[in-house]
1. Write down the radius of gyration of segment 1-142 and its Dmax, each obtained from C-alpha positions, in Å.
2. Determine the gain in length on full extension of the stretch ASP716-ARG26; use 0.36 nm per residue of separation and subtract their C-alpha separation, reporting nm with one decimal.
3. List the DSSP H helices in the chain whose Cα atoms stretch 30 Å or more along the helix axis and whose mean Kyte-Doolittle hydropathy is at least -0.5.
4. Kindly provide the GluC sites (Glu not before Pro) of segment 406-505 that DSSP labels as loop, not H, G, I, E or B, and whose Cβ sees at most 12 other Cβ atoms within 10 Å.
5. Can you classify segment 546-618 as rounded, prolate or oblate using the Cα gyration tensor, where a ≥ b ≥ c are the square roots of its eigenvalues, rounded means a/c under 1.5, and otherwise it's prolate if a/b beats b/c and oblate if not?
6. If you take the square roots of the eigenvalues of the alpha-carbon gyration tensor of segment 715-780 and sort them as a ≥ b ≥ c, do you get rounded (a/c under 1.5), prolate (a/b over b/c) or oblate?
7. From the backbone phi of segment 251-259, what are the Karplus-calculated ³J(HN,Hα) couplings (6.51 cos²θ - 1.76 cosθ + 1.60, θ = phi - 60°) in whole Hz, Gly and Pro given as x?
8. Can you give the local net charge around ARG427? Use residues other than it whose beta-carbon is closer than 11 angstrom to its beta-carbon, Lys and Arg +1, Asp and Glu -1.
Amino acid sequence: MQESPPSAFESFEYDAPGNSPQELRRALANRLLYSVGKDPATADQDDWYSALALVTRDRLVERWMDTTRRQYTQKVKRVYYLSMEFLVGRALTNSLMATGLYDEVATALRAMGLDIDETREHEPDAALGNGGLGRLAACFLDSMATLGLPSFGYGIRYDYGMFAQRIHEGWQVEQPDDWLRNGNPWEFPRAEVTFPIHFGGWVRHEADGAHWVDTEEVLAMAYDMIVPGAGTRAVNTLRLWHAKASQSLDLAVFNQGDYMGAVAAKNLSENVTRVLYPDDSSYQGRELRLRQEYFFVSASLQDILRRYMTDHARFDALADKVAIHLNDTHPAIAVPELMRLLVDVHRLAWDDAWAQCRRVFSYTNHTLMPEALETWPVGMMRSVLPRHLEIILEINRRFLEEVRQAHGDDPELLRRVSLIDESGERRVRMAYLCVVASHKVNGVSKLHSDLLVKTIFADFARIFPDRFCNMTNGITPRRWLANANRPLSSLIDSRIGPDWRNDLDRLAGLREHVDDPAFITALSAAKLENKRRFADWVLADGGVRFDPASMVDVQVKRFHEYKRQLLNLLGIVARYQAIIDAPDAHWTPRTVVFAGKAASAYRMAKLIIKLINDVARRVNADARVRDRLKVLFVPNYSVSAAEIIMPAADLSEQISTAGTEASGTGNMKLALNGALTIGTLDGANIEIRENVGPDNIFIFGHTTEEVAAIRGNGYDPQRHYEENPVLRRVIDAIGAGDFSPDDPTRFRPIVDSLLRHDTYLLLADFASYLEAQARVDALFDRPADWNRAAALNIAGMGPFSSDRTIREYAQKIWHVEPIAP
């Protein structure tokens, strides 16, 4: 929102919107007529949705302005959360629940002949993220607002998101996600908040300092989205940056008839915010990613310093008023950018600027895999951001000298911790830059945080022993239970009251009811209602019918080999073959659900999606199987899709190779909705087991230590293939083209990868996985025992609230206090 001193509002008069059913109906009519510009006789559902969104937004704006005024009046310290992704999902239901007006609005709509459930389906998911990183950021924003913490989220307003996924003949096809085609009623354009962003050029050093000159310029314009807290009047801001050309049209070129050339510069400039994670298989794609990251970071830091300087003439109090959190390595370029702004623009001495930086920044690492730690070629950075490369090199020189003085002249240590990787093509190690510049670095589960200081950051942990800590991830119960799962929420309310929405530890009270047959029966009925809703949705959207009474077995997440969707599929093929061998035996009916996107350049992940769909086509059409096994792939996975799938899930597949998943949050969402987990001792699965009890989770596979030992001793996947006849039959069927008769060699790359490398130990864990699945079947065949275990899972989810996580961040890392009422 536009920020002004409190005095600007003292004499401002306005009509606060009313919230009675009659006032809401009048407001809807006014918005439809005067804002959407439609007659009710010709308005379609998109028009009514837009009107309803504006009515809902109106009821948050006053709170938003009041929150901002109080932040300025109280001169608070703010936290600024920088993230490439904010997977916020749909805003309508969340906003109505935050205002407490959901039922009143539903009543008003019914009086006008409209249905709220149908109307809200016309809101597109905001294409501002892709996976767990972005959804975590959105949960964190929700909790910051709910806890009243003065905060801003900063990101990019993508035109088309990553992509919309379509499945054509089993293959993933990427299409633009045109989520803004009808506009976005939840955003406020802020043309007055626009900053110049520079690329290229060169650096001229003079007596008064460095000057970055002869650059190309792109403008970053702010768009604000409001983030309401639950059970509070606090409303925070998500500020997204959109690229604009400094010159929209070259009129001279246009008048010469070169119409494409006249807008070429504009199109090139605005490519920066076209899509999330452009394909990085080409040099141009990688450079665009670097430009994207710098674009949003530079705009955000300029905005942060502008806000700070409204009350301060000097920068010695910067770290007392500003906390900047880097959500993974994507915003790491913020470190040299803040140094550039302080040293080159505001003329601070280097030591003073660096002292502020090291108090301002904190950093969350989200991956243990070295190949996933972002690095940039020195040559590319010299071309795109020459001044920032100079600053990074100077930070590195000073840091290595500190290490040398403290730890002696150890060339190997200096090589390992250097911000520049000198092996092969020289590259800037962005994660190392974050560690060196931040006063706190955290992992996102107990296991992940422990492995951080033992593996990828082991040297840094010895150099900075007090810098590393753990902040186990969490999820917002408002969206993932209260909003997504009305049947279960109502049941919980009837037993322990509604206060769990803002105090998830209260779910522990459900343990008193797990031996109550009436409660267990009601829990089973709520689950069946959700499964029927999911079945209807799948039938309407995909034309596939399944029995809601079957076990709904769910693996929904970004496609990556370490997440091992392929292990799940190997198990499915084994089950299918066993059913064909013994069609008259008892088989627990199971519907296996996959959903998720593969990065456009990730060929193996896309081939696995094709294999899933080919197996599904074969299994679902085989009359011998009947309804005992169905395989579904839900395309274009999104937050709104998850809100339908997760309440329906009986089984949650969290089967990554131990030591690869930092935390996971899908595991938390599914358990919160009463799904039992089958998983490895990886990420937050370990903490889930501690809280739900070992008898209420299905653990299998090698541990992190065992995985390391297997690899260290020379892993031979071929041995598992030769010694396990079930596994051998499965792999042979895939390799021989049983599921791809039109192209028998289609899946040979998958088979070859498993037998030659099996990087993520699928074959080593296969037998244990099947054994765990047998335990799953046995428990599901005892419905009362299964539902009791589901109830204990729900009751154990209190520690996994994002409110708890954010409260710990605020106290232990950011040192930010809630604003006073």
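1. 17.3, 51
2. Between ASP716 and ARG26, full extension yields an extra 241.3 nm.
3. Counting only whole DSSP H runs, the qualifying helices are 517-542.
4. Within segment 406-505, the qualifying GluC sites (Glu not before Pro) (loop, at most 12 other Cβ atoms within 10 Å) are GLU422, GLU425.
5. Note, shape of segment 546-618 comes out prolate.
6. Here segment 715-780 falls in the oblate category.
7. After applying 6.51 cos²θ - 1.76 cosθ + 1.60, I find 5, 5, 5, 4, 5, 8, x, 8, 5 Hz.
8. -2
The values are calculated or read from the model by the stated rules, or taken from the named source; none is laboratory data. Since the model is a prediction, treat every value here as computed from it, not as a measurement. Counting neighbours? That spans all protein chains shown, and the Cβs are built from the backbone with ideal geometry, glycine included. Calculation scope for accessible area: heavy atoms of the full protein, side chains included, ligands and nucleic acids excluded. Shrake-Rupley method; radii C 1.70, N 1.55, O 1.52, S 1.80 Å.
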